[in-house]
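Quick notes on the structure that follows.
The values are calculated or read from the model by the stated rules, or taken from the named source; none is laboratory data. A quick note: this is a predicted structure, and the numbers were derived from the prediction, not measured. Cβ coordinates were reconstructed from backbone atoms using ideal geometry, including for glycine residues, and neighbour counts include every protein chain displayed. Just so you know, the surface numbers come from the protein's heavy atoms only, side chains and all, with ligands and any DNA or RNA stripped out. Shrake-Rupley method; radii C 1.70, N 1.55, O 1.52, S 1.80 Å.
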Amino acid sequence: MTSEQPKRSARLTTPSEHEIAVERVFDGPRERVYAIFTEPALIPAWWGPHGTTTTVDRMDVRAGGAWRFLSRDRDGTETGFRGVYHEIVPPERIVQTFEWEGMPGHISVETATFEDLGERTKVTTVAHYDTTEERDGMLASGMERGLNETYERLDALLARLQG
């Protein structure tokens, strides 16, 4: 991101008692943005907040395929995240589960859509939780800050790939 580009924030809303919706526009064509979400070699370059490193343990991007990422903080604390892909429609849609291994059994279902805006792409993700408490717990966890930092890293990766 250059100094001329304004810093963007994701737009978070709660369309229902069990959902969080996130919208964000990225400067890159839909196929490239979709690839960044689905190519295991690119995940470590952007996934996670500033100061974390991510390792892809597994990432089988197909319906029924599993994924697992390990994220390490600056102090060396490692956290695992995992899920299963339910639907893959390149370059339009990904439906997957999401589970933080620190709270096993609390699984959300996330649907990400990639809207073609020409040289830009709007990514909309809707996460569905079993209860309002789970949804609210996710919101209270620092999700918005972490997500915006993650998306800033994705912006930087897009700029490098286009440069």
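Scanning the stretch 89-113 for residues that are out of contact with any Lys or Arg (no Cβ under 9 Å at 6 or more places or on another chain) and of a type in the set (Asp, Glu) yields a single hit, Glu110. Identification of strands (runs of 3 or more DSSP E) wholly contained in the stretch 1-81 with 1 or more residues that are surrounded by fewer than 13 Cβ atoms within 10 Å (Cβ to Cβ) yields 11-13, 53-59. Considering each residue of the stretch 39-57, count those that are within 16 Å of the chain's Cα centre (by Cα) and farther than 26 Å from Arg135 by Cβ, and give that number. Qualifying residue count, the stretch 39-57: 9.
If the condition is being within 13 Å of Leu12 (Cβ to Cβ) and free of Cβ contacts under 8 Å to residues at least 60 places away in the same chain, then the stretch 105-141 contributes Asp136, Ala140, Ser141.
Filtering the stretch 124-163 to residues that are polar (S, T, N, Q), out of contact with any Lys or Arg (no Cβ under 9 Å at 6 or more places or on another chain) and either at pLDDT 95 or above or surrounded by 14 or more Cβ atoms within 10 Å (Cβ to Cβ) (or both) leaves Thr131, Thr132, Thr150. Residues of the stretch 5-42 that are within 15 Å of Thr124 (Cα to Cα), in contact (Cβ under 8 Å) with a residue 60 or more places away in the chain and basic (Lys, Arg): Arg8, Arg24, Arg30.
Considering (1) at pLDDT below 95; (2) under 16 Å from Thr124 (Cα atoms), the lone condition that Gly105 does not fulfil carries the number (2). Can you tell me which residue within the stretch 35-88, out of those that are among the basic types (Lys, Arg) and in contact with a Lys or Arg (Cβ under 6 Å, 6 or more places away or on another chain), is farthest from Trp100 (Cα to Cα)? In this case the residue turns out to be Arg58. Only one of the numbered conditions (1) outside any helix (DSSP H, G or I); (2) more than 16 Å from the chain's Cα centre (by Cα) is not met by Glu87, and that is (2). Out of the stretch 98-121, which residues are assigned to a strand (DSSP E or B) and either hydrophobic (A, V, I, L, M, F, W, C) or touching a Cys at 6+ places or on another chain (Cβ under 7 Å) (or both)? Listed by number, the residues that qualify are Phe98, Trp100, Ile107, Val109, Ala112, Phe114. Note on the stretch 107-123: residues that are open to solvent by 30 Å² or more (accessible area, probe 1.4 Å) and under 20 Å from Trp67 (Cα atoms) amount to 5.
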